[in-house]
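The values are calculated or read from the model by the stated rules, or taken from the named source; none is laboratory data. Predicted, not measured: the structure shown is a model, and the values here were computed from it. Don't worry about glycine lacking a Cβ; one is built from the backbone with ideal geometry, like all the others, and counts go over all protein chains shown. Note: areas computed on protein heavy atoms with side chains; ligands, DNA, RNA excluded. Shrake-Rupley method; radii C 1.70, N 1.55, O 1.52, S 1.80 Å.
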Amino acid sequence: MPTEQTSRREVINAIQSVPSIASLLDQHEGHYDYELDLEVVVYGRNYNGKKVGPYVRLLDYQPGESIVSEGEWGGNTFHIIVAGQPDVMVGPTKVAALQPGTMFGQMSLLAGVPRNATVKAPAGHEVQVLEVQRPALRLLRKLSKFAEELDEDYRVHGRDAMVEELKARFSLSAELAQELKGIARFRTFPKNHVLARAGAPVSRIYLIKTGWLQRSWQEDDIEQSDFLGGGYCFGLDAATGNVTWPCTLTLLGRTEVFEISVVKLRQFSERGQTLFDALSGYAPPALETRRDGLSAEVKAKTHTAQRDLIETGLVDATNLLVMDMDLCVRCGNCSLACHRTHGQSRLVRRGVHITRLKQPTLSAVQSVLSPEVCMHCKDPECLTGCPTGAIERLRDGQIDINQGSCIGCGDCATQCPYDAITMIPRAKKGAAKAGAAGKLIDLLRLPPEPLPPAVETLDDLVAVKCNLCSDRKPLNPPGSQTQKYSCEENCPTGALARINPREYFSEISQLEGKYGKLTMTGPHQAVGQNIHLRDWPKRLLHILGIGLTLVTTLAAWYGIRRYELGQPLVGFLNMRWLTGLAGLFGIVGVMLYPYRRVIYTRRAGALRYWLLTHTYLGVIAAIQLFLHGGNHAGGLLTRALMLAFDGVILTGVFGIFCYVLVPRLLTKIEGAPLLLDDLLNRHHELQQELAALAAQTPAHFSALITKRIVPHYHSLSFLLRQYLRREPLDELTESAKQDWTANARKAGGQVLRAALKRADLLDSLETALKVLREPQSEQAVLATFNQTEERHQFKQALEEVRLGLRQLDQAIAAAVALGRLDALIYLQRSLKLWLPPHVGTTALMLALLVVHIIQVIYFAAR
């Protein structure tokens, strides 16, 4: 371990010895120019009792001791050499020795990638370094020399790394590699930067290291576009002579580009052509190859999904949580599991919604929601903006918050574009303990999923977010081979998955070039199975469940046919006893599912597998008890037991029906997924809007709204139309406005008659109606009035009708939306409608079953 020099005077002397940051100590008239920054960086500062900084440590490393290691994530610190010449090692090979004043580790910090080399003190010599934390960057960048050196180092290191990689990949000579460094640049561009314009001369070759871009071009006077990722090289056509860009290249996010001057490369003659030929393997697809035989609809949907994934930033997540809304039964168990595990739910079923094709050549659509939960971004804004360094990138690449260093400023929560960080009172620690009542609520799952409570105080807050359950030892014990997430483990249908977006989204994985895929190095975080695409345990359980159901059914049927129910087989055992015991064991297995459902904080197997097992055991128990009963109905107790069991089966079958059908129906008609609370709030808002419109409009319009329009869209026929036709809401609204055109004109005419009558201009009614039909004639008609007062009253009557018609259109849109909300609310409630009778009949059946077993044992003993 290194030795830290705790003397602040030693730290200041070290800073003064480093040219790039020595200006932090500049003084003017006896005062430091950067006094506040110096205090925070070197000494630290208290803000209302909360410590911020210090951001530097002076460390002494013994001979042979590693300062940073190759492959580790170093997104939190970089180093500046004060004394000594540490060795740079790539693998076992020494590639350089660093001089005092040199910075290292900044590439890992700025680019959010693992360290690409090991730096250690040489044998026989100590090394002294300044370890600088990420938050100091914002302050040190004010120093012009440091900012220039940091940017230059970033560009030089990026360029040299790219050249060395090209040298190794294409076996370039050392001479050509050195010359290439002289004509190439490594640059970083922001989002929306235009890298090249169609028709402009090609003067640069661009090799995209990381990032996304859009190509735009004209084809048959129609604007065409597509998307590409890193790993492609553009401008290679310049090898054949002077050419122009065939398309415009627009960057869609922060992009790292290796840029080569075409003019200078041509001066290399044959060596330049060698490099042209080598890079040709990374040329992008030709624009015309996009005519690939796919239908226009499939291509349009794929293009939209690619654009949404790139523009929302989902594709750049390192560990993305997605929800397949065709499988989500809106139970809220994922959010509740997070709440039980962490004491505060860090998952809310709101977020970024993407609609995509399940396969590139199919028209089947998948509705995917990325909820408001941390995506552990490659270049996280929260980490960059944290003033204390409390947000860190850990050894496996995930982003986490050190609550001991968090001062509750809230900068991370406001900067996160995905609302994945919540501010809570610091005193709220640990998972909430659920009592007996809480466990009963968990069992029924009738209330909506818990939302994070409102923060009612601004004192002593702390930031919390998803940490991949990495600190939950019962869930992820040390040495475990797989990473488990409480939310994913406790989803009953398998709707949730932690994924690598570039593997999961096929429309994205095909956009990256070969160079980009070959340069993906360093450790990757463990993510959940892509359970929407493949889930072999689920398939195995289906096979076992079907097989066991068939075997037990055939065995029981064969035994009854051969031996009948009452004929003894072994001792007192007969087929009635055997089928009864088989049914009892099935019921016992079925009842394990409610027990598993309330286990959130430790490993107990994925809930989706328990639900599948629960279903098959229920089917087996039902068949066995049906055969057990035979043709004899038995006494009153037995009949009641069988009726209760029938109730359990019927409500369970209805629940399965709801779980399979309703989510898929919801995704067809809801557009973006919404919580039930959101639906109810919007329903209330629309009701208030309709009431206000009815009160504001003239009497004829008001009567049309309240007596005809609202009842029509609140009817059973319109409700069934939502389920059967599943029209987009915009199209449905426009169709509804067309349907009410005649009624609107009639009401408008009546309002206009009343308005003109009040103004004693009733003889102008036909003229006014014509103006409403032909608005362009209004000025000519107004010119026919000799008196200014009459002209004003005529125009006022027209405006009254026009305002009423606009309000009527608003009322129609609100009524249609209200009808759509009714359909969604009924569907969401139907997902829980079956639970109370299912649980109630189950409780009754178990009570009667206990009595029945006691009765059977009693009579058997006699």
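Its residue count N fixes a reference of 2.2 N^0.38 Å for the stretch 610-660, and the Cα radius of gyration divided by that reference is 1.26.
Of the solvent-accessible surface of the chain, computed with a 1.4 Å probe over protein heavy atoms with every protein chain present, carbon and sulfur atoms account for 56 percent.
In summary, the convex hull built on the alpha carbon positions of the stretch 705-862 has an orientation-averaged projected area of 14.2 nm². Accessible area per residue for the stretch 761-855 is 51 Å², calculated with a 1.4 Å probe on protein heavy atoms, without ligands, DNA or RNA. Here's how it looks for residue 102: its modeled amide H is under 5 Å from those of 81, which are all 5 or more places away or on a different chain. For the stretch 541-673, the ratio of Cα radius of gyration to the globular rule of thumb 2.2 N^0.38 Å stands at 1.28. Positive-end ranking of 621, 14, 711 along the dipole of the chain, with charges on Cβ about the Cα centre, is headed by 621.
Residue 802 contributes about 50 Å² of solvent-accessible surface, heavy atoms of the protein only, 1.4 Å probe. With the convex hull of the Cα atoms taken as the outline of the chain, the averaged projected area works out to 56.3 nm². Peptide packing: for 197-206, 51-60, the average count of neighbouring Cβ atoms within 10 Å per residue gives the ranking 51-60, 197-206, highest mean first. Mean residue ellipticity, 222 nm, helices only, the chain: the sum of -39500 (n - 2.57) across DSSP H runs of n ≥ 4, divided by residue count and rounded to 500, is -14500 deg cm²/dmol. Here the Kirkwood formula, the inverse mean of 1/r across different C-alpha pairs, assigns the stretch 148-250 a hydrodynamic radius of 15.4 Å.
Against the empirical 2.2 N^0.38 Å (N residues), the stretch 1-68 has a Cα radius of gyration ratio of 1.28. Close amide H partners of residue 357, meaning residues 5 or more places away or on another chain with modelled amide H under 5 Å apart, are 366. At q = 0.09, 0.23 Å⁻¹ the log10 of I(q)/I(0) for the stretch 47-174 amounts to -0.29, -1.50, computed by Debye summation with a single uniform scatterer per C-alpha, solvent ignored. The reciprocal of the average 1/r between distinct C-alpha atoms defines the Kirkwood hydrodynamic radius, which for the stretch 224-282 equals 13.1 Å.
Considering only 303, 313, 355, the residue lying farthest towards the positive end of the dipole of the stretch 291-381 is 355, judged by Cα position with unit charges set on Cβ.
Using θ = phi - 60° in the Karplus curve 6.51 cos²θ - 1.76 cosθ + 1.60, the 3J(HN,Hα) couplings for the stretch 203-217 round to 10, 9, 9, 10, 9, 7, 7, 9, x, 9, 9, 10, 9, 10, 7 Hz; x is entered for Gly and Pro. For the stretch 38-141, the per residue solvent-accessible surface stands at 40 Å², with DNA, RNA and ligands left out and a 1.4 Å probe. What separates the Cα centres of the stretch 543-602 and the stretch 741-766 is a distance of 78 Å. With both labels modelled 7 Å from their Cα along Cα-to-Cβ, the residue 857 to residue 719 distance reads 4.9 nm.
If you wrap the stretch 792-862 in the convex hull of its Cα atoms and look at it from every side, the mean projected area works out to 6.5 nm².
Using the structure shown, select from 50/145; 191/301; 94/378; 746/795; 358/538 the pairs with a Cα to Cα distance greater than 26 angstrom. In this structure, 50/145; 94/378 exceed 26 Å between Cα atoms.
Note on the chain: with charges restricted to the Cβ of Lys and Arg (+1) and Asp and Glu (-1), its dipole about the Cα centre is near 3360 debye.
Taking the charge dipole of the chain about its Cα centre, with +1 at Lys and Arg Cβ atoms and -1 at Asp and Glu Cβ atoms, the residue from 679, 32, 56 reaching farthest to the positive side is 679.
At q = 0.24 Å⁻¹, work out log10 I(q)/I(0) for the stretch 668-729 with the Debye formula, treating every Cα as an identical point scatterer and leaving solvent out; two decimals please. Results for the stretch 668-729 at q = 0.24 Å⁻¹ read -1.09. Each residue of the stretch 375-386 was assigned a 3J(HN,Hα) from its phi angle through the Karplus expression (A = 6.51, B = -1.76, C = 1.60, θ = phi - 60°), giving 9, 6, 4, 5, 10, x, 6, 5, 5, 5, x, 5 Hz with x at Gly and Pro. Evaluated with a Cβ-only charge set (Lys, Arg +1; Asp, Glu -1), the stretch 739-860 carries a dipole of roughly 360 debye about its Cα centre, given to the nearest 20. Overall, the anisotropy analysis places the stretch 76-121 in the oblate class: the square-rooted eigenvalues a ≥ b ≥ c of its C-alpha gyration tensor yield a/c not less than 1.5, with a/b not exceeding b/c.
Of the listed residues 342, 193, the order by accessible area with a 1.4 Å probe, largest first, is 193, 342.
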